[in-house]
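First comes the structure, then the notes that go with it.
The values are calculated or read from the model by the stated rules, or taken from the named source; none is laboratory data. Just so it is clear, the structure is predicted and the values come from calculations on it, not from any experiment. Cβ placement follows ideal geometry from the backbone for every residue including glycine, while neighbour counts extend to all protein chains displayed. We work out accessible area using only protein heavy atoms, side chains counted, and drop any ligands, DNA or RNA first. Shrake-Rupley method; radii C 1.70, N 1.55, O 1.52, S 1.80 Å.
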Amino acid sequence: MKNILRVFTALLGLSLMTAAVAAEDGWHALSQPGNVVLFRHATAPGIGDPANFELFDCNTQRNLNDKGRVEARQLGVEFRSRKIEVAAVVTSQWCRTRETARLAFGDVVKDEPAFNSTFRASGEISDAQTAQARALLAKWRGPGVLVVFSHQVNITALTGVYPASAEGVVLRPAADGSLKVLGTISP
């Protein structure tokens, strides 16, 4: 039993070290101009939105809780402390993504409907919106990095990565529309 516990502990330690290395790779990649980071909004408890959801009425949506607000502010602190040049910040029109972006980067945020949630969208609409988002990302060349705040379902459709709340997926876009995943980052 002790040997099994040692093996489990060693594997857990290796897994944590691998995650830490991957995170540092993600932060390092952001020091390279022309890269992009797709963030899932910070913690907003629940799944999807209530039945009475209205896009421009935050009272009808899932919103950040206190933990989410701390995560969002910490993202901004991390970017500033690492001196990462942010050229543009875009966000979906959902209140939780906009608040995450503003708490991290201030009022330099621009809405971009291509990154709106496709959680309840039909496959055809979701596919068209994902193609539009991919095309926007593929055009990015810098200078600096593009920071995007979106939703898990959108980020997974674009990258195959299932990000946690406030987690970012760092990408290198290519002219052919492909997106190379370089790493992930968290506050």
Among the residues of region 164-187, what is the count of those that are aliphatic (A, V, I, L, M) and crowded, with 21+ Cβ neighbours inside 10 Å? 5
Could you list all residues from region 118-140 that are modelled with pLDDT of 90 or more and surrounded by 12 or more Cβ atoms within 10 Å (Cβ to Cβ)? Ala128, Gln129, Thr130, Ala131, Gln132, Ala133, Arg134, Ala135, Leu136, Leu137, Ala138, Trp140
Output for region 78-93, where each listed residue is part of a strand (DSSP E or B) and either without any contact (Cβ under 8 Å) to a residue 12 or more places away in the chain or of a type outside the set (Ser, Thr, Tyr) (or both): Val86, Ala87, Ala88, Val89, Val90
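Take region 118-145 and flag every residue that is touching a residue at least 60 places away in the same chain (Cβ under 8 Å) and in contact with an Asp or Glu (Cβ under 9 Å, 6 or more places away or on another chain). Walk me through how you get there before you give the answer.
Initially, region 118-145 is screened for residues touching a residue at least 60 places away in the same chain (Cβ under 8 Å), giving 119-120, 137, 140-145.
Passing the criteria: Phe119, Arg120, Gly142, Pro143, Gly144, Val145.
Quick one: count up the residues across region 145-163 that are part of a loop (DSSP other than H, G, I, E, B) and either surrounded by fewer than 20 Cβ atoms within 10 Å (Cβ to Cβ) or of a type in the set (Phe, Trp, Tyr) (or both). Walk me through how you get there before you give the answer.
Pass one, region 145-163, residues part of a loop (DSSP other than H, G, I, E, B): 151, 160-163.
With the extra rule that they be either surrounded by fewer than 20 Cβ atoms within 10 Å (Cβ to Cβ) or of a type in the set (Phe, Trp, Tyr) (or both), the set shrinks to 160-162.
Total satisfying the criteria: 3.
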If we keep just the residues of region 151-179 that are in contact (Cβ under 8 Å) with a residue 40 or more places away in the chain and among the hydroxyl-bearing types (Ser, Thr, Tyr), which is nearest to Trp140 (Cα to Cα)? Ser178
Return the total of residues in region 139-167 being among the small types (Gly, Ala, Ser) and touching a Pro at 6+ places or on another chain (Cβ under 9 Å). 3
Hits in region 23-77 - residues which are touching a strand residue (DSSP E or B) at 6+ places or on another chain (Cβ under 8 Å), open to solvent by less than 40 Å² (accessible area, probe 1.4 Å) and part of a helix (DSSP H, G or I): Ala23, Gly26, Trp27, Ala29, Leu75
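On the given criteria, is Arg96 open to solvent by 40 Å² or more (accessible area, probe 1.4 Å), at pLDDT 95 or above and part of a helix (DSSP H, G or I)?
Details: open to solvent by 40 Å² or more (accessible area, probe 1.4 Å): no; at pLDDT 95 or above: yes; part of a helix (DSSP H, G or I): yes.
Considered against the rule, which asks whether it is open to solvent by 40 Å² or more (accessible area, probe 1.4 Å), at pLDDT 95 or above and part of a helix (DSSP H, G or I), Arg96 comes out as no.
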Residue list for region 99-117, filter: part of a loop (DSSP other than H, G, I, E, B) and open to solvent by 40 Å² or more (accessible area, probe 1.4 Å): Asp107, Val108
